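To keep things clear, I will list the structure first and then write my remarks on it.
The values are calculated or read from the model by the stated rules, or taken from the named source; none is laboratory data. Computed from a predicted structure; not experimentally measured. Cβ coordinates were reconstructed from backbone atoms using ideal geometry, including for glycine residues, and neighbour counts include every protein chain displayed. Quick note on the areas: whole protein, heavy atoms, side chains included, nothing else; ligands and nucleic acids left out. Shrake-Rupley method; radii C 1.70, N 1.55, O 1.52, S 1.80 Å.
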Amino acid sequence: MADSDSDEEWTPLSERSEWKDVTPIPQDEGENPPVSIKYTARFTEVMDYFRAIIKADERSARALALTAEVIEVNSANYTAWYYRRLVLQALQSDLLEELNVFVANLAEESPKNYQLWYHRRWLVAQLKDASAEKSFIATVLDDDAKNYHAWAHRQWVVAEFSLWEGELSFVDGLLDFDVLNNSAWNHRFFITTHPGNPAVSKSADAAAEISRAEIEYTWARIRKMPNNTAPWSYLRGHWARLGSAEDRTQLMQDLDQFCEKYKTCAPSLSFKVFLLEQQGDEASLAEALYLCESLANRQARMNMKYWLMRKTAVRDKLSSLQGDEELSGEELQMVLEARAAKAAAAAAAA
């Protein structure tokens with residue numbers, strides 16, 4: 001968005017000789033607009049001339065320059081970006097210059113602009129060359145490691161141009177710097193599960209082996225910061241990709257050992273509730289019920305209502321499984337809690 005200083009230095013289009021043949025089209029707000037927006041004189045004039053250019057479908061050098069002025073006063077103007085692409089194509093402009101000068105300069109001012117990143121993607125697709133994109137994105141992420149637009153663009157670049165090599169080490173570096181970076185964890189999952197990655201799509205066995213390796217990698221990260229929820233979500237994602245009962249049993253055993261060591265770690269207990277629900281047998285659901293109660297009243301009291309809701313859902317599953325539907329609510333509560341306590345004691349003894 002243009003500032004007041006640039007407005008003072010700006011020459012109105014009505015005073016420029018190259019625009020004398022154009023009749024600006026004012027914004028039509030009706031006879032009695034309920035709320036009139038107080039635009040700056042510069043914004044109003046630029047938009048009035050832009051409407052005239054669009055109406056005439058003019059695709060010229062001055063039209064291209066005008067789109068830049070519209071974007072300067074409002075960088076989120078989708079229509080200006082779209083029309084700029086039409087003019088670039090009509091003029092057969094140098095798209096590499098557009099990428100490295102116009103877009104690069106704006107990226108420094110507005111790194112989280114949706115339209116800017118889409119325009120960059122379009123340019124790269126037209127050029128069929130993403131050789132400079134990874135380094136550019138890395139520079140953006142140096143300033144803000146959680147810039148959603150930069151990550152989305154990187155994923156598109158990697159998948160579209162098969163630039164998988166080096167991505168895991170790139171993410172490793174970011175996680176070494178900040179293991180709480182959810183965006184880096186998300187990108188790692190993208191890399192290790194995307195069917196376009198030859199390492200993943202080679203075979204079902206290869207994909208499963210990747211998931212096993214990622215689970216080991218995640219455990220190492222978790223042990224350094226047990227209450228970090230990001231790797232627990234990552235672990236859950238790769239658990240879902242494990243095909244064999246042996247792998248899932250091993251993960252549950254590892255989790256049991258972890259929970260025994262870190263008894264107050266809410267994310268680990270939360271993950272255990274999820275796994276127990278997936279198992280779905282009576283003993284598992286009884287233990288899950290006990291853990292929901294524990295999380296609600298001890299390890300995760302800030303999320304008490306959530307865990308009480310989860311407890312109700314688990315209780316309903318257990319009730320249905322055990323055929324206790326005929327009991328009253330209070331009777332059912334007592335029976336299920338007694339069973340849950342017994343199951344938890346048995347699990348602890350084991």
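List, in order, the whole-Hz ³J(HN,Hα) value for each residue of the stretch 224-234 obtained from phi through the Karplus relation with A = 6.51, B = -1.76, C = 1.60 and θ = phi - 60°; use x for Gly and Pro.
Going residue by residue, I get 7, 8, x, 8, 6, 6, 4, x, 5, 5, 5 Hz, with x marking Gly and Pro.
Heavy atoms only, probe 1.4 angstrom, no DNA, RNA or ligands counted: give me S268, S162 ranked by accessible area, highest first.
Result, largest first: S162, S268.
So for the pair L96, F274, with labels modelled 7 Å out along Cα→Cβ, what separation do we get in nm?
Going from the L96 label point to the F274 one covers 4.6 nm.
How large is ³J(HN,Hα) for each residue in the stretch 35-49, as worked out from phi by the Karplus curve 6.51 cos²θ - 1.76 cosθ + 1.60 (θ = phi - 60°), to whole Hz, x for Gly and Pro?
So the Karplus estimates, Gly and Pro as x, are 9, 8, 7, 8, 6, 6, 4, 5, 4, 4, 5, 4, 5, 5, 6 Hz.
Rounded to the nearest percent, how much of the accessible area of the chain (1.4 Å probe, protein heavy atoms only) is carbon and sulfur?
It is 52 percent, rounded to a whole number.
Starting from the residue with the highest accessible area, list F274, F189 in decreasing order, probe 1.4 Å.
F189, F274
Please name whichever of A80, L99, A204 sits farthest to the positive end of the charge dipole of the chain, dipole taken about the Cα centre and charges placed at Cβ: Lys and Arg +1, Asp and Glu -1.
About the Cα centre, the residue reaching furthest to the positive side is A204.
Distance cut-off 19 Å, Cα to Cα: go down the list K224/K261; K272/K317; K272/K311; K224/K263; K112/K146; K263/K305 and report the pairs above it.
Flagged as over cut-off: K263/K305.
Given labels modelled 7 Å from the Cα in the Cβ direction, how far is it in nm from D28 to A76?
Distance between the two pseudo-spin positions: 2.6 nm.
When the Karplus curve 6.51 cos²θ - 1.76 cosθ + 1.60 is applied with θ = phi - 60°, which whole-Hz ³J(HN,Hα) does each residue of the stretch 283-294 get, with x for Gly and Pro?
Karplus-based 3J(HN,Hα) across the stretch 283-294 equals 5, 5, 5, 5, 5, 4, 4, 4, 5, 4, 4, 5 Hz.
About the Cα centre of the stretch 93-227, how large is the charge dipole given +1 on each Lys and Arg Cβ and -1 on each Asp and Glu Cβ? Please answer in debye to the nearest 20.
500 debye
Per DSSP helix of 4 or more residues, -39500 (n - 2.57); summed, then divided by the residues of the chain. What does that give at 222 nm, rounded to the nearest 500?
So the helix-based figure for the chain works out to -21500 deg cm²/dmol.
Using a 1.4 Å probe, how large is the accessible area of S183, given in Å² and rounded to the nearest 10?
Here the residue's solvent-accessible area equals roughly 30 Å².
Stretch Y39-F177 to full length: gain in nm at 0.36 nm per residue minus the Cα-Cα span?
Fully extending the segment from Y39 to F177 adds 45.3 nm.
Could you work out how far apart the two model spin labels at D129 and A206 are, taking each label as a point 7 Å from the Cα in the direction of the beta carbon, and quote it in nm?
Taking the two extended label points, one gets 3.1 nm.
Based on the Cβ-Cβ distance from A283 to R236, what FRET efficiency comes out when R0 is 30 Å, to the nearest 0.05?
Efficiency for this residue pair is about 0.90.
Probe of 1.4 angstrom, ligands and nucleic acids ignored: what's the accessible area per residue over the stretch 53-117, in square angstrom?
Solvent-accessible surface per residue comes out at 50 Å².
If packing is taken as the average number of other Cβ atoms within 10 Å across a peptide's residues, how do 16-28, 111-123, 192-204 rank, most packed first?
111-123, 192-204, 16-28
So, in Å, what gap is there between the alpha-carbon centers of the stretch 45-112 and the stretch 177-216?
So the two Cα centres are separated by 39 Å.
Subtract the Cα-Cα distance of M309 and E109 from 0.36 nm times their separation in residues, and report this length gain in nm to one decimal.
67.5 nm
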